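Here's the structure, in structure tokens; my notes come after.
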């Protein structure tokens, strides 16, 4: 009888392992859209009503955040930080959209709960950005937000910055137990907007207000021509590396 029990348990374990591997294989075939690609479109229900993405945000910069689950501490802290920064993103002409595989009713209840939390000795502002329900995982699969070796039914902490032309410009992924740095995401957004507007590059550890870089001259001869102009806004560090003051 004991041998029979052992055989049954081993059989169940083998079936479970096989199902798990097949399930992971299904998600391994889903790809993450890359920088420069057009952001996948979708329609979904949210705490702000029906969302048609990206059509509802035509001409705007957009940041799509995914999170693992409602009523969890790290996700709650992240969304409260985002709520505190809503005006900052508005000034940058940028819309924030949050998605998870939870149901809509869960998001509605969670939003109400978060707005009642006093975090870092501050009252949480009203959350204006939508929390999207993706319980079919359609959006999560389009954006590669399900990482099967982390979870097959919960989104990883993903971030996609999308420009007004619907092109993906930056991608971040964080593990489930590490909260995102919202200031870094905002810094990246500002850098992208500045780079587009001024045709410049931002150096390592750049912060808004710092000097920027310009595209490298094609040759030392071209660099000499630039130096001869004696532009007070330019500083040569090497023939291929020039700093520029941005006004």
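Under the 0.36 nm per residue contour assumption, what length would be gained going from the current alpha-carbon distance of residue 77 and residue 105 to full extension? Please list the in-between numbers first.
On the way: separation 28, 0.36 × 28 = 10.08 nm, distance 1.99 nm.
That pair, residue 77 and residue 105, stretches by 8.1 nm at full extension.
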Largest first and rounded to whole Å, the semi-axes √(5λ) derived from the alpha carbon gyration tensor of the chain read 43, 25, 17
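To the nearest whole percent, what portion of all C-alpha pairs in the range 120-244 is separated by more than 16 angstrom? Write down the numbers at each step before the final one.
Details: 5731 of 7750 pairs.
Cα-Cα pairs in the range 120-244 separated by more than 16 Å: 74 percent.
Using 1/(1 + (r/R0)^6) with R0 = 51 angstrom and r between the beta carbons of residue 117 and residue 240, what's the FRET efficiency to the nearest 0.05?
Values: r = 50 Å, r/R0 = 0.99.
That gives a FRET efficiency of 0.50.
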How far is helix 104-114 tilted off the main Cα axis of the chain, in degrees rounded to 10, range 0 to 90?
-> 60
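What ranking do 57, 143, 149 get, fewest neighbouring Cβ atoms within 10 angstrom at the top? Don't skip to the end; give the middle numbers.
Numbers: 57 17, 143 24, 149 8.
Ordered from fewest to most neighbouring Cβ atoms within 10 Å, 57, 143, 149 come out as 149, 57, 143.
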Given a cut-off of under 8 Å on Cα pairs at least six residues apart, what relative contact order in percent is computed for the chain?
-> 20
Share of Cα-Cα pairs in the range 43-111 lying beyond 21 Å, as whole percent = 26
Approximate shape of the range 44-173 as ellipsoid semi-axes (Cα gyration tensor, √5λ), whole Å, largest first = 21, 19, 14
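Would you list 242, 206 from fewest to most Cβ contacts within 10 Å?
Values: 242 22, 206 17.
In increasing order of surrounding Cβ atoms, one gets 206, 242.
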Estimated [θ] at 222 nm from DSSP helical runs (n ≥ 4, -39500 (n - 2.57)) normalised by residues in the chain, nearest 500 = -11000 deg cm²/dmol
To the nearest 10 degrees, how steeply does helix 2-28 sit against the main Cα axis of the chain, on a 0 to 90 scale?
-> 30
Arranged by the count of other C-beta atoms within 10 angstrom, fewest first, what order do 99, 74, 246 take?
-> 246, 74, 99
Taking Cα atoms, the helix 73-84 axis meets the longest principal axis of the chain at an angle in degrees (rounded to 10) of 40
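Since every read-out is calculated from the coordinates, none of them should be taken as a lab result. Please read these numbers as outputs of a predicted model, since none were measured by experiment. All Cβ positions, even for glycine, are placed from backbone atoms using ideal geometry, and neighbour counts span all protein chains on display.
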